[in-house]
Amino acid sequence: MARSYEQEEYHGECDDDRNGPRFADPGGRSVLRAASRRNPRNRPCPTCGGENRLTPEDVHRGYQCNSCADREEE
C-alpha cells in the first residue's frame, strides 16, 4: 500500500514547506530557524564557539549566532 505525503516523514530541509519557514523570532531581525524536535538548538556557533546556539538547519545555511551577527553589523 502506498503511503500518502502526510504519512511520510519529512527528510528535506527543516522548514515546513506547507507553512513557509519557521523562524526563531518571526518579524524580528534574526534569520535563525525555530528549534523543534527535528531541528534542536544543539550546535555551537562557528564564530564564537558558544554552545547550543544554532540548529542543524542554521549550520546547513552557514549562519552564526545572533550575538556574532549583531557584532559584525556594528
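The condition (being assigned to a loop (DSSP other than H, G, I, E, B), surrounded by 12 or more Cβ atoms within 10 Å (Cβ to Cβ) and modelled with pLDDT under 95) is satisfied by just one residue among 38, 3: 38. Any residue that is under 12 Å from the mean Cα position of the chain (by Cα), among the hydrophobic types (A, V, I, L, M, F, W, C) and modelled with pLDDT of 95 or more - is there at least one of those in the stretch 16-27? No, the stretch 16-27 contains no residue that is under 12 Å from the mean Cα position of the chain (by Cα), among the hydrophobic types (A, V, I, L, M, F, W, C) and modelled with pLDDT of 95 or more.
The set of residues in the stretch 39-55 that are of a type in the set (D, E, K, R) and closer than 12 Å to residue 66 by Cα contains only 53. A search for C-beta distances below 9 Å between a residue of the stretch 50-68 that is surrounded by fewer than 17 Cβ atoms within 10 Å (Cβ to Cβ) and any residue that is in a helix (DSSP H, G or I), counting only pairs 6+ apart in sequence or on different chains, returns 50/67; 50/68. Just so you know, in the stretch 45-59 the residues that are in a loop (DSSP other than H, G, I, E, B) and closer than 15 Å to residue 34 by Cα include one that is nearest to the chain's Cα centre (by Cα), and it is 55.
The values are calculated or read from the model by the stated rules, or taken from the named source; none is laboratory data. Quantities reported herein were computed from a predicted structural model and do not represent experimental measurements. Cβ sites come from the backbone with ideal geometry, for glycine too, and all protein chains shown count toward neighbours.
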